[in-house]
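Read through the structure below, which is laid out as structure tokens, and then see the notes.
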Amino acid sequence: MNQKSANLRIARNLLLIVLAVLLLPYLVAPFYRVGHPVSTLMAWRWLTGAPVSRQWIDFSAVSPALPRSVVASEDAKFCSHHGVDWDALRDVIDDAEDGEVARGGSTITQQLAKNLFLWPGRSVVRKGLEIPLAIWIDLVLPKQRILEIYLNIAEWGPTGQFGAEAGASYAFGRSASTLSPREAALLAAILPNPVKRSARNPGPGVRRLAGTYTARAQAVALQRCWRENRAF
């Protein structure tokens, strides 16, 4: 085998490996209808010996105030979009072009795609992988299951608290099943950065956001969402 053929074979094998890595999340996602998935960040912390606290809690056991507060704070159009809120995404792009501080334009489904299969941090590459994967997840998983997984893998504390149960225990010393609307809103308010923001000792900004989310959550109709959005 000459050098050119050897190089072509190496390039082909590398391409096949890259394609396999890119396709794997699409093959795995439908199987997440059941089970207790973990995030890539949780897995990385385990591998590096960092602390991880996560106890799965079924959606039916969670205080209804929490999913409503999370939808109100993170993704108001969760029940109507198909994985990506294109209007919010365009607003983020427009802000970036105008030199304004970029706002979060990711839906809950996009955040789930990132948490399950990708990596934290902002980059064009990650966003390019995240968007089609979010659309696929919305197609193959029911909305309620998407939100259940998200509530159980989101980072909710400064020292490796993942999921609503660990977050509620750390912040309030109680189960996520017994959260009040105010406590649920406080947890929703720290989701963008649970290391710098605290539901346990909320500052004025977190308290203000929690008040806003408490009011917004009252208008979130999740039962209707479940009836109108079913995956195949």
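The values are calculated or read from the model by the stated rules, or taken from the named source; none is laboratory data. Since the model is a prediction, treat every value here as computed from it, not as a measurement. Neighbour counts are summed over all protein chains in view; Cβ atoms, including those assigned to glycine, are modelled from backbone coordinates with ideal geometry. Just so you know, the surface numbers come from the protein's heavy atoms only, side chains and all, with ligands and any DNA or RNA stripped out. Shrake-Rupley method; radii C 1.70, N 1.55, O 1.52, S 1.80 Å.
Give the residue that is farthest from the chain's Cα centre (by Cα), with candidates limited to residues of segment 169-200 that are of a type in the set (D, E, K, R) and over 19 Å from residue 211 (Cβ atoms). Let's see the steps before the verdict.
Step one: list which residues in segment 169-200 are of a type in the set (D, E, K, R), which gives 174, 182-183, 196-197, 200.
Those left that are additionally over 19 Å from residue 211 (Cβ atoms): 174, 196.
Values: 174: 23, 196: 18 Å.
Ranking the qualifying residues of segment 169-200, first place goes to 174.
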When you go through (1) open to solvent by less than 30 Å² (accessible area, probe 1.4 Å); (2) modelled with pLDDT under 90 one by one for residue 67, which number turns out not to apply? (2)
What pairs come out if I take residues in segment 145-170 that are in contact (Cβ under 8 Å) with a residue 24 or more places away in the chain and of a type in the set (Ser, Thr, Tyr) and pair them with residues that are buried (at least 22 other Cβ atoms within 10 Å of the Cβ) and assigned to a loop (DSSP other than H, G, I, E, B) whose C-beta lies under 8 Å away, six or more apart or interchain? 170/156; 170/157
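One line per residue, one yes/no per condition, for (1) more than 18 Å from residue 145 (Cβ to Cβ); (2) open to solvent by 90 Å² or more (accessible area, probe 1.4 Å); (3) at pLDDT 95 or above:
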site: 10; (1), (2), (3): yes, yes, no
site: 53; (1), (2), (3): yes, no, yes
site: 80; (1), (2), (3): no, no, no
site: 87; (1), (2), (3): yes, no, no
site: 103; (1), (2), (3): yes, yes, no
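Could you please find all residues in segment 139-160 being open to solvent by less than 20 Å² (accessible area, probe 1.4 Å) and not in a loop (DSSP other than H, G, I, E, B)? Full working, then the answer.
Within segment 139-160, the subset open to solvent by less than 20 Å² (accessible area, probe 1.4 Å) is 140-141, 143, 146-147, 149-154, 156-157, 160.
Hits for segment 139-160 are 140, 143, 146, 147, 149, 150, 151, 152, 153.
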Look through segment 117-132, keep the residues that are open to solvent by 50 Å² or more (accessible area, probe 1.4 Å) and in contact (Cβ under 8 Å) with a residue 40 or more places away in the chain, and return whichever of them is farthest from residue 29 (Cα to Cα). 120
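Regarding residue 166, is this residue under 17 Å from the mean Cα position of the chain (by Cα) and among the hydrophobic types (A, V, I, L, M, F, W, C)? First the steps, then the outcome.
Values: under 17 Å from the mean Cα position of the chain (by Cα): yes; among the hydrophobic types (A, V, I, L, M, F, W, C): yes.
Yes, satisfied.
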Please go through segment 161-190 and give me each residue that is surrounded by 23 or more Cβ atoms within 10 Å (Cβ to Cβ) and part of a loop (DSSP other than H, G, I, E, B), ordered by number. 179
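Test residue 135 against the stated conditions and say whether it is in contact with a Gly (Cβ under 8 Å, 6 or more places away or on another chain), surrounded by fewer than 22 Cβ atoms within 10 Å (Cβ to Cβ) and at pLDDT 95 or above.
Details: in contact with a Gly (Cβ under 8 Å, 6 or more places away or on another chain): yes; surrounded by fewer than 22 Cβ atoms within 10 Å (Cβ to Cβ): yes; at pLDDT 95 or above: yes.
Considered against the rule, which asks whether it is in contact with a Gly (Cβ under 8 Å, 6 or more places away or on another chain), surrounded by fewer than 22 Cβ atoms within 10 Å (Cβ to Cβ) and at pLDDT 95 or above, residue 135 comes out as yes.
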Do you know which residues across segment 39-51 are touching a residue at least 40 places away in the same chain (Cβ under 8 Å) and open to solvent by 40 Å² or more (accessible area, probe 1.4 Å)? 40, 41, 45, 51
List the residue pairs whose Cβ atoms are under 6 Å apart, where the first residue sits in segment 63-78 and is in contact (Cβ under 8 Å) with a residue 12 or more places away in the chain and of a type in the set (Val, Ile, Thr), the second is surrounded by fewer than 23 Cβ atoms within 10 Å (Cβ to Cβ) and not in a helix (DSSP H, G or I), and the two are 6 or more positions apart or on different chains. 71/220
